[in-house]
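Novice: One structure coming up, written as structure tokens, with questions to follow.
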Amino acid sequence: MYVVLLTYTAPLPEIDYVLPDHVEWVARQYDHNHLLASGRRDLHLGEVMIARPMARLKLDAILATDPLAVKHLAHYEVVEFSATRTCPELRLLNEAIPH
């Protein structure tokens with residue numbers, strides 16, 4: 001599983017111009033079952049996304065298609081972790097429990 005910290009690297013007017021395309025991109029990632037959660041960071045610094053377990057190269061390829069990445073308007077920090085404890089709603093994603 002991954003936490004993706006997206007930090008805007010351009011002025012907000014440039015971000016706002018591309019944001020509708022980015023919002024559509026995020027929706028497609030939910031449609032493809034790649035994301036578990038997402039939202040804005042405080043102070044409009046960027047966003048946080050939680051991605052399902054997958055190969056890191058696959059996640060990198062997905063992130064590279066984000067319009068903010070294509071236009072070089074954001075930096076992505078990816079933190080990989082193995083979920084060993086989860087709330088009941090996320091039990092199927094708990095990598096420590098055999099399924």
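Matching residues to (1) among the acidic types (Asp, Glu); (2) touching a helix residue (DSSP H, G or I) at 6+ places or on another chain (Cβ under 8 Å); (3) modelled with pLDDT under 95:
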{"position": "Leu6", "(1), (2), (3)": "no, yes, no"}
{"position": "Glu14", "(1), (2), (3)": "yes, no, no"}
{"position": "Tyr17", "(1), (2), (3)": "no, no, no"}
{"position": "His22", "(1), (2), (3)": "no, yes, no"}
{"position": "Arg28", "(1), (2), (3)": "no, no, no"}
{"position": "Asp31", "(1), (2), (3)": "yes, no, no"}
{"position": "Leu36", "(1), (2), (3)": "no, yes, yes"}
{"position": "His44", "(1), (2), (3)": "no, yes, yes"}
{"position": "Val48", "(1), (2), (3)": "no, no, no"}
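Conditions tested, residue by residue: (1) in contact with a Gly (Cβ under 8 Å, 6 or more places away or on another chain); (2) under 26 Å from Leu90 (Cα atoms).
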position: Thr7; (1), (2): yes, no
position: Pro11; (1), (2): no, no
position: Val23; (1), (2): no, yes
position: Ala27; (1), (2): no, yes
position: His34; (1), (2): no, yes
position: Arg41; (1), (2): no, yes
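Novice: Here is a further query. Are there any pairs with C-beta distances below 8 angstrom linking a residue in the range 13-26 that is under 15 Å from Met49 (Cβ atoms) to a residue that is part of a helix (DSSP H, G or I), with the two at least 6 apart or on different chains, and if so which?
Specialist: Once the first residue is under 15 Å from Met49 (Cβ atoms) and sits in the range 13-26, its partners that are part of a helix (DSSP H, G or I) give His22/Pro67; His22/Leu68; Trp25/Pro67.
Novice: Of the residues Leu63, Leu6, which single one is part of a strand (DSSP E or B), under 12 Å from Val78 (Cβ atoms) and touching a Phe, Trp or Tyr at 6+ places or on another chain (Cβ under 6 Å)?
Specialist: Step by step, each of Leu63, Leu6 is checked, and only Leu6 is part of a strand (DSSP E or B), under 12 Å from Val78 (Cβ atoms) and touching a Phe, Trp or Tyr at 6+ places or on another chain (Cβ under 6 Å).
Novice: Quickly run through the range 71-90 and pick out the residues that are assigned to a helix (DSSP H, G or I) and either within 14 Å of the chain's Cα centre (by Cα) or surrounded by 13 or more Cβ atoms within 10 Å (Cβ to Cβ) (or both).
Specialist: Within the range 71-90, just Leu90 meets the criteria.
Novice: Could you count how many residues in the range 64-94 are more than 21 Å from Glu47 (Cα to Cα) and of a type in the set (Lys, Arg)?
Specialist: Adding up the residues that qualify gives 2.
Novice: Would you please name the residue that is farthest from the chain's Cα centre (by Cα), looking only at residues in the range 9-49 that are part of a helix (DSSP H, G or I) and among the charged types (D, E, K, R)? Break it down stepwise before answering.
Specialist: So the first thing to find is which residues in the range 9-49 are part of a helix (DSSP H, G or I), and the list is 12-31, 42-44.
Filter once more, so that each one left must be among the charged types (D, E, K, R): 14, 16, 21, 24, 28, 31, 42.
Details: Glu14: 20, Asp16: 18, Asp21: 15, Glu24: 13, Arg28: 12, Asp31: 13, Asp42: 16 Å.
Only one residue tops the list, namely Glu14.
The values are calculated or read from the model by the stated rules, or taken from the named source; none is laboratory data. This is a predicted model, so every value here is computed, not measured. Every residue, glycine as well, gets a Cβ built from its backbone with ideal geometry; the counts of neighbours run over all protein chains shown.
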